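Each value in this text was obtained by applying a stated rule to the coordinates, not by laboratory testing. These numbers were taken from a predicted model, which means no experiment stands behind them. All Cβ positions, even for glycine, are placed from backbone atoms using ideal geometry, and neighbour counts span all protein chains on display.
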Amino acid sequence: MTTSAAPSASDVDARAREIEAQMTDDERFSMLVSVMGTNDVVTVRDDRIPEGVPMSAGYVPGVPRLGIPAQLMSDASLGVTNPGYRPGDTATALPAGIALGASFNPALARQSGGMLGREARSRGFNVQLAGGINLARDPRNGRNFEYLSEDPLVSATLAAESINGIQAEGVISTIKHYSLNCNETNRHWLDAIIDPAAHRESDLLAFEIAVERSHPGAVMTGYNKINGDYAGGNSVLIQDVLKGAWGYPGWVMSDWGGTPGWEAALNGLDQESGLQLDIMMWQTEWFCGPLQQAYAEGKLPKERLSDMVQRILRSMFAVGVDQWGPAPTVDMAEHHSIALETARQGIVLLKNDGVLPLAPDSAAHIAMIGGHAHVGVATGCGSSAVVPPGGFAEVIKIGGPGIMGVGRNLYLEPSSPVEEVRKLLPNAVIEFDPGMSPAESALMASRCDLAIVFAIRVDSEGFDDPDLCLPWGQDAVIDAVANANPNTVVVLETGNPVLMPWSDKVKAIAEAWYPGQAGGRAIAEVLTGVVSPSGRLPITFPASLTQTPRPELPGLGSEWGTPTTIEYNEGAEVGYRWFSKQDEQPLFAFGHGLSYTTFEYSDLTVEGGDTITARFAVTNTGTRSGADVPQLYLTRAAAEDRMRLLGFERVELAPSESREVTVLADPRLLARYDGDAREWHIESGDYNVALGRAADDIVLSTSAAVRERRFGH
Ligand code: BGC
């Protein structure tokens, strides 16, 4: 970072007040709206964007006479996005957020955040629309791949480090989409119903912890309604919770086309984003004419207008976007290594009946089948798409209804798994079959020693998956291959859990998610044992949709624009919490992931009191180095069975090496939120704590007495 040491909160507040006081009302209003650059959806350049400004998701003019720079915003879930906006621009294409989630590695999140900050800054972007943290409540959500986990603590821990990495480079990060934008179906007309206290214990807890730990400059609201009010104008969530209970000092921006009316400003929204989409959605630019009219009529108080501007300014000053020196040099080779390391640590080995790793000197005859693995690896679509250096290996148009259909493509990122396996197994004989027909694939598989099938599914912003099945007949291909060859390995490249009707027939299964621009390499390294897999599932893989809270997804298949209500009746019991409560056995549990070495846990001790402090030892009992992610769960709180992940740590260990781990539980994870008293409440009693390899694989457990107390807001 080239900016000077971070200024104090009171300094930036004072400076924001002082600068704002010198503004004209026109200057104030100009800071409250962002205009989109041209892309596949917005094809005509808006003349409010000056010549020479690079196209991106949002532009807000500055006030040069007062030293206020323009805001240039770009998306950043999987890298600094570019498709459509800046033809020819490329950026490091990271693995999906869910792959980062699977690493359970906050230090890696910090590194990739730094990478995002540097690449943004080198292009002049000073606001990154990063920090996607919606909990994976539904395994069909088309954007789960952009997010981190179904668990609030994992999501918050990793998001906070990513945001800290971005902001340490002098670039503002958002955290988004506040809140409960957990399904894409009819997202603009979706009313997410939830018990407010349960909301505090789940999605809002993730936001609360991440905001505390990383102070993101802005919070982006969701498209949906929450309990009847649009997120962008939801005064309960913005005023009472975010700005009230949590004292959030930064600014709240809408999602693009997600400002429900000028009155949203009275309910806490500070900036309207992506004006052109508001024209499409609402036929008006709310924070332009209508908000100015309201101000002229005295309906928008001057103090509120000043507050909106001051919030933006104080985030700019706190992060230092007004203090930029020359653009940093960007080491793209180092950034490629971050993408590779994230892919390596994100791959989850779900099953291994001894067939992996493949020996480096193997002279086996191997059939590699399907998934365009001879070309590259799959990724997801929507505003998060990133063109990697050298361009996509291939783009195959998929299409679909609605405005998001235009951008729905099978983007193949370079680094072909077939070529990478060839490099690592020079003595093997490797053939590729496209996986087009079960019969044809089975013919090749039957004459080989081993078959590796690649199965892909393209998830996309704007669409939920209709079910958990692999598309394009891939289940039938895997089934036929497994029938033809007992040594079948399946590598999944998906953004969500899938069903695996063939799971008993195959010898090994690895989930590689969308592994980014170095993904083919990382997959090959895991298959051949160059790297011992260490990813753990950040989302439960159900055995069937009937096990989940909503076997039927409301609104699925209805026309775009159909008002839809989704009841998140599971409340705070999201994912593994739900499975535990319902006593359901998933296909693969949250936290599950195999290694090529073995780990033992011992010496679990737990202290109670105001919270839980646990200590335990992890030992690598195998013959090779590897990383483990021991997980500490609450299983019973006083008189109630209640499953909560209290802590986790990714531990890298050489053979025979041992490490002591300490977990200090955030007391909110032991508490219930008392909505009437507006505070957290811990009941006194014995709290059972379990140390496990996964939510369904507990190794050691014990209990400790915890004191009653009420705290927080
Ligand atoms: C997405 C946001 C994104 C914005 C700007 C919207 O469609 O929901 O996550 O930041 O576009 O590209």
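Please state, rounded to one decimal and in Å, the Kirkwood hydrodynamic radius that segment 219-324 gives when every pair of distinct Cα atoms enters the mean of 1/r.
14.0 Å
How big is the chain in terms of Cα radius of gyration and Dmax, in angstroms?
Cα only, the chain: 25.0, 81 Å (Rg, Dmax).
Could you calculate the contour length gain from ASP25 to ASP676, that is, 0.36 nm times the residue separation minus the distance between their Cα atoms, to one decimal place in nm?
230.3 nm
Between LEU443 and ASP47, what is 0.36 nm times their sequence separation minus the Cα-Cα distance? Round to one decimal in nm.
Full extension of this stretch gives 136.6 nm more.
Of the DSSP beta bridges with both residues in the chain, give the percent that are antiparallel, rounding to the nearest 5. All intermediate terms of the calculation are to be shown ahead of the outcome.
Details: 63 of 104 bridges.
Roughly 60 percent of the beta bridges in the chain run antiparallel, per DSSP.
Once the mean 1/r over all distinct Cα pairs of segment 415-524 is inverted, what Kirkwood radius in angstroms do you read off?
14.5 Å
If you look for lysine pairs in the chain that are eight or more places apart or on different chains, how many of them have Cα atoms under 29 Å apart?
For the chain, qualifying lysine pairs total 18.
Sorted by mean Cβ packing within 10 Å, highest first, what order do the peptides 557-564, 57-64, 269-276, 505-512 take?
269-276, 505-512, 57-64, 557-564
Please compute the Kirkwood hydrodynamic radius over segment 61-192, one decimal place, Å, based on all pairs of different Cα atoms.
15.3 Å
What's the local net charge at GLY402, with K and R +1, D and E -1, over the other residues with C-beta under 15 Å away?
Neighbour charge sum, excluding GLY402 itself: -2.
Kirkwood Rh over alpha-carbon pairs of segment 358-461, then Stokes-Einstein at 25 °C and 0.890 mPa s: what D in µm² s⁻¹, rounded to an integer?
163 µm²/s
Using 1/(1 + (r/R0)^6) with R0 = 41 angstrom and r between the beta carbons of THR562 and ASP610, what's the FRET efficiency to the nearest 0.05?
0.25
With no solvent and one equal point scatterer placed on each C-alpha of segment 144-245, evaluate the Debye formula and give log10 I(q)/I(0) for q = 0.16 Å⁻¹, two decimals.
One equal scatterer on each Cα of segment 144-245 leads to -0.67.
Considering only the other residues whose Cβ falls under 14 Å of the Cβ of ALA617, what net charge follows from Lys and Arg at +1 and Asp and Glu at -1?
-4
Taking the mean number of other Cβ atoms within 10 Å as a proxy for protection, how do you rank 387-399, 444-456, 462-474 from highest to lowest? Don't jump to the answer; show the numbers that get you there.
Values: 387-399: 15.4, 444-456: 22.9, 462-474: 19.1.
Order by mean packing, descending: 444-456, 462-474, 387-399.
Expressed as a whole percent, how much of the Cα-Cα distance distribution for segment 614-713 exceeds 24 Å?
31 percent
So for the pair ILE279, PHE711, with labels modelled 7 Å out along Cα→Cβ, what separation do we get in nm?
For the pair ILE279/PHE711, the computed spacing is 5.2 nm.
Taking the Cα atoms only, what angle lies between the long axis of helix 474-484 and the longest principal axis of the chain, rounded to 10 degrees?
10 degrees
Using C-alpha positions alone, give me the convex hull volume of segment 1-113 per residue in cubic angstrom.
164 Å³
Can you tell me the alpha carbon radius of gyration of segment 407-480 divided by the globular rule-of-thumb value 2.2 N^0.38 Å?
Taking N as the residue count of segment 407-480, the ratio is 1.31.
For a quick check: with amide H placed at 1.01 Å from N, whose amide H comes under 5 Å from SER173's, ignoring anything fewer than 5 positions away on the same chain?
GLN128, GLY217, ALA218
Calculate, for LYS299 and ILE398, the FRET efficiency according to 1/(1 + (r/R0)^6) with r their C-beta to C-beta distance and R0 41 Å; round to the nearest 0.05.
In this case the efficiency is close to 0.35.
Using θ = phi - 60° and the Karplus form 6.51 cos²θ - 1.76 cosθ + 1.60, what ³J(HN,Hα) does each residue of segment 67-73 get, whole Hz, x for Gly and Pro?
Whole-Hz 3J(HN,Hα) from phi for segment 67-73: x, 9, x, 5, 9, 10, 10.
For ASP40 and VAL429 in one chain, what is 0.36 nm times their gap in residues minus the Cα-Cα distance, to one decimal in nm? Walk me through the numbers on the way to the answer.
Working: separation 389, 0.36 × 389 = 140.04 nm, distance 4.31 nm.
Here the answer is 135.7 nm.
Starting from the Cα coordinates of segment 515-668, work out the convex hull volume and express it per residue in Å³.
It is 173 Å³ per residue.
Could you tell me the calculated FRET efficiency between LYS581 and MET436, based on Cβ-Cβ distance and R0 = 35 angstrom, to the nearest 0.05? Before the final figure, lay out the partial values.
Details: r = 43 Å, r/R0 = 1.23.
Efficiency at R0 = 35 Å is approximately 0.25.
Give me the net charge of PRO290's neighbourhood, meaning all other residues with Cβ under 13 Å from the Cβ of PRO290; Lys, Arg count +1, Asp, Glu -1.
Around PRO290, the surrounding residues sum to -4.
Report the convex hull volume per residue for segment 571-639, counting only C-alpha atoms, in Å³.
129 Å³
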